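The values are calculated or read from the model by the stated rules, or taken from the named source; none is laboratory data. Keep in mind the model is a prediction, meaning the values are calculated, not measured. So basically every Cβ, Gly included, is an ideal-geometry build from the backbone, and we count neighbours across all protein chains shown.
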Amino acid sequence: MFSGPEHLNEPIVTVARPDVATLHQDDSVGEALAFIRGRGEALGEKVVYFYVVDEEERLVGVLPTRRLLTSAPDVHLRDIMVHKVLTIPATASIMEGCEAFVLHKLLAFPVVDKDKRILGVVDVGLLAEEAFDMAEREETDALFESIGFRISQVRDASPWQAFRYRFPWLLATIVSGTICAVLAGFFEVTLAESLILAFFLTLVLGLGESVSIQSVAVTIQVLRAAEPSFKWYARTLRREAGTALLLGLACGALVGLIAWAWRGTGLEGFVIGGSIFLSLCMACFLGLTVPTVLHALKLDPKVAAGPLTLALTDICTLLFYFGVATWLLR
């Protein structure tokens, strides 16, 4: 059920707490309570269950705290303890221990050897810590995958291996950046005639990249649980188109108003806002389409979708930006 790093395969005893609250089956409730009061600190801070042992320190039962506190003082523990005890063998792994918490919904388990002697105890905090660590690792892995490689590939890699993993996706950025530079050169006259376009170029590119990578992240999450089909794609595209229209209108109008208020040129503000609207619509489309196509081609969209989508988004954004500006301002 659980999968993750190598430490989940380590023995459960490595994370078991030694401060186990054990009582003897021949003691009475009164004697047990006196023993607990006398050894309160030694029993540890996380007492969930009291485990009952025999003369040879073998586990024979478990005593819930409520039953201990509500029983008569002269009653013997063997008469009120629960004889069926769920345990985790010392040979079990941390992963198997986490599975026991999920399956049985208990707050703690004793870890025992082959002779039923208690070696320690693990409580539900173990499951919580592992779940948190795994969620944190997934977020970290997702971040690195979005920029082109898995963290497991470069964690222990040599400099040359890390270079081989990381450079191809940086090369995609270099290629797209070069194409963008060439495109900007084609519109050199437009830039010279309307200097405000250069002022907002970084903002326009940043908005397109942000929206596209958001769409990529959402699409990859959906592809984990759904098998893509043309019907699924059409339905998702309609929903994404609605989001794109709202994002494009909001961002385009806001930035256009800023440009107009700053430079006092309504037409240039309209050009900037309109190109943002078009580029964000395209960014949403690419963010949905690129991972879907990669998935259909049996390629891993988690790694390849981010760099490819960003590259295509930058190219399309510049085409819209300078194309609209050339059309309306010259």
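Pick from the stretch 65-82 the residues that are touching a strand residue (DSSP E or B) at 6+ places or on another chain (Cβ under 6 Å) and not in a helix (DSSP H, G or I): which of them is surrounded by the most Cβ atoms within 10 Å (Cβ to Cβ)?
Looking at residues that are touching a strand residue (DSSP E or B) at 6+ places or on another chain (Cβ under 6 Å) and not in a helix (DSSP H, G or I), I get 81.
State whether one or more residues within the stretch 225-234 are part of a helix (DSSP H, G or I) and buried (at least 19 other Cβ atoms within 10 Å of the Cβ).
Within the stretch 225-234 (the criterion being part of a helix (DSSP H, G or I) and buried (at least 19 other Cβ atoms within 10 Å of the Cβ)), the answer is no, since none of the residues qualifies.
Select from the stretch 198-207 the residues that are part of a helix (DSSP H, G or I) and under 16 Å from residue 263 (Cβ atoms) and list them in ascending order.
The answer is 198, 199, 201, 203, 204.
So which helices (runs of 4 or more DSSP H) are wholly in the stretch 88-197 and hold at least 2 residues that are closer than 30 Å to residue 267 by Cβ, modelled with pLDDT of 60 or more and not assigned by TED's automatic domain parsing to the domain that holds residue 53?
159-186, 188-193
Enumerate the pairs (first residue in the stretch 89-113 and surrounded by 14 or more Cβ atoms within 10 Å (Cβ to Cβ); second residue anywhere and aromatic (Phe, Trp, Tyr)) with beta-carbon separation below 6 Å, excluding pairs fewer than 6 apart on the same chain, so at least 6 apart or on different chains.
Within 6 Å, the pairs are 95/2; 98/2; 100/109; 108/49; 110/51.
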